[in-house]
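Chemist: One structure, pasted below without further comment.
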Amino acid sequence: MIYAKAEARAAALEPAGSSAQGAALQGGPDFEGGPALEASIRTWAIPSALLCAFLLVSVSPGRAVVRIFFSMWIHELGHAAAAWLCGVLAVPGPWRTLTASGRSPLFAALLSAGLIYATVRGWLTGRRRAALCAAALLLLQLCCTVLPSARSATAFIVFAGDGGCLVLGALLMASVYAPAEGAIRRGWLRWGFLVIGAGAFADAFEQWWSARTDPDRIPFGMNEGVGPSDPSVLSDQYGWSASLLVHRYVALGCVCLVALACLYVVGRRRSPTDVARPQD
């Protein structure tokens, strides 16, 4: 009699447990809030982060904090990334990036080999998005290494400081929409990337947007312990006018904002079950 009651109880509990597990696997509400929470994140994360970042950089103390902890690092990474794409060895650091004097065929070949490997491996393992991204980077690297002259490549590397804040900042914010199966989405990386990207983007874009009507906002001059600022180098050595500097940075920032807006619309239109986070 006791065994019969135990078996009956186990039979009654099993469907409930199975259905709960099935609901979790199908994207139902889970520990983290399920599809509803993910949909809210896709709706509010980027606008909220950008709003807070722009409010911070609108005052001097907030701008200093954002620049020291966020935008300065992305600025230097922008210089280094542009150098790498052009086949130039570079090492980013605080407030300056150490860059080789010319292109290195060996470094360019190693970078191309790494991107080819990432493309092939991603395609063979079914990670088609990663493979396409690696292939796009490979094409961009080949174009930047082969097409521009040494002088044009150097100007591009200098421009890519604040340009990197805009482009890399937008890409970091876009990590909010990372695939559910990726490491960025499974952990807390996308939240850190969102904050860093919003801070870097807002700092650079606010400065150049304000420079449209206030030329004094253009950071001409010398950086202590480093040398001439990027705008000074572009102006003095490459003949870029102040209006050309402002126009190019503002145009790049607007392109990044439009791309983010398109991604935002696509993210909003996806169904809740598509954005639900799968459980391990």
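Chemist: Return yes when Ala130 is touching a Pro at 6+ places or on another chain (Cβ under 7 Å) and at pLDDT below 95 and no when it is not. Let's see the steps before the verdict.
Modeler: Numbers: touching a Pro at 6+ places or on another chain (Cβ under 7 Å): no; at pLDDT below 95: yes.
Judged against the criteria, Ala130 is not a match.
Residue-by-condition table, conditions (1) over 30 Å from Ala183 (Cα atoms); (2) outside any helix (DSSP H, G or I):
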| position | (1), (2) |
| --- | --- |
| His79 | no, no |
| Leu98 | yes, yes |
| Ser112 | no, no |
| Thr119 | no, no |
| Trp123 | no, no |
| Leu139 | no, no |
| Pro148 | yes, yes |
| Ile157 | yes, no |
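Chemist: Going through region 173-225 one residue at a time, which ones are of a type in the set (A, V, I, L, M), over 30 Å from Ser235 (Cβ atoms) and free of Cβ contacts under 8 Å to residues at least 12 places away in the same chain?
Modeler: Ala183, Ile184
Chemist: Thr213 fails exactly one of the following numbered conditions: (1) surrounded by fewer than 18 Cβ atoms within 10 Å (Cβ to Cβ); (2) part of a helix (DSSP H, G or I); (3) of a type in the set (Val, Ile, Thr); (4) out of contact with any Ser or Thr (no Cβ under 7 Å at 6 or more places or on another chain). What is the number of that condition?
Modeler: Condition not satisfied by Thr213: (2).
Chemist: Pairs needed: first member in region 22-45, closer than 24 Å to Leu260 by Cβ and among the small types (Gly, Ala, Ser); second member anywhere, surrounded by fewer than 19 Cβ atoms within 10 Å (Cβ to Cβ) and modelled with pLDDT under 75; C-beta distance under 6 Å; at least 6 residues apart or different chains.
Modeler: Pairs that qualify, where the first residue is closer than 24 Å to Leu260 by Cβ and among the small types (Gly, Ala, Ser) and the partner is surrounded by fewer than 19 Cβ atoms within 10 Å (Cβ to Cβ) and modelled with pLDDT under 75, are Ala39/Pro272.
Chemist: Restricting to region 229-280, count the residues that are at pLDDT below 95 and either surrounded by 13 or more Cβ atoms within 10 Å (Cβ to Cβ) or small (Gly, Ala, Ser) (or both).
Modeler: 12
Chemist: Output the qualifying pairs, or none if there are none: Cβ atoms under 8 angstrom, residues six or more apart or on different chains, first residue in region 131-159 and surrounded by 13 or more Cβ atoms within 10 Å (Cβ to Cβ), second residue assigned to a helix (DSSP H, G or I) and of a type in the set (S, T, N, Q).
Modeler: Once the first residue is surrounded by 13 or more Cβ atoms within 10 Å (Cβ to Cβ) and sits in region 131-159, its partners that are assigned to a helix (DSSP H, G or I) and of a type in the set (S, T, N, Q) give Ala131/Thr119; Ala134/Thr119; Ala135/Thr119; Leu138/Ser112; Leu138/Thr119; Gln141/Ser112; Leu142/Ser112.
For every residue, the table says whether it meets (1) at pLDDT below 85; (2) part of a helix (DSSP H, G or I); (3) out of contact with any strand residue (DSSP E or B) (no Cβ under 7 Å at 6 or more places or on another chain).
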| residue | (1), (2), (3) |
| --- | --- |
| Pro15 | yes, yes, yes |
| Gln21 | yes, yes, yes |
| Ala24 | yes, yes, yes |
| Asp30 | yes, no, yes |
| Ile41 | no, yes, yes |
| Ala45 | no, yes, yes |
| Cys52 | no, yes, yes |
| Pro61 | no, yes, yes |
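The values are calculated or read from the model by the stated rules, or taken from the named source; none is laboratory data. Bear in mind that the values here come from a model prediction, so they are computed numbers and not experimental data. Every residue, glycine as well, gets a Cβ built from its backbone with ideal geometry; the counts of neighbours run over all protein chains shown.
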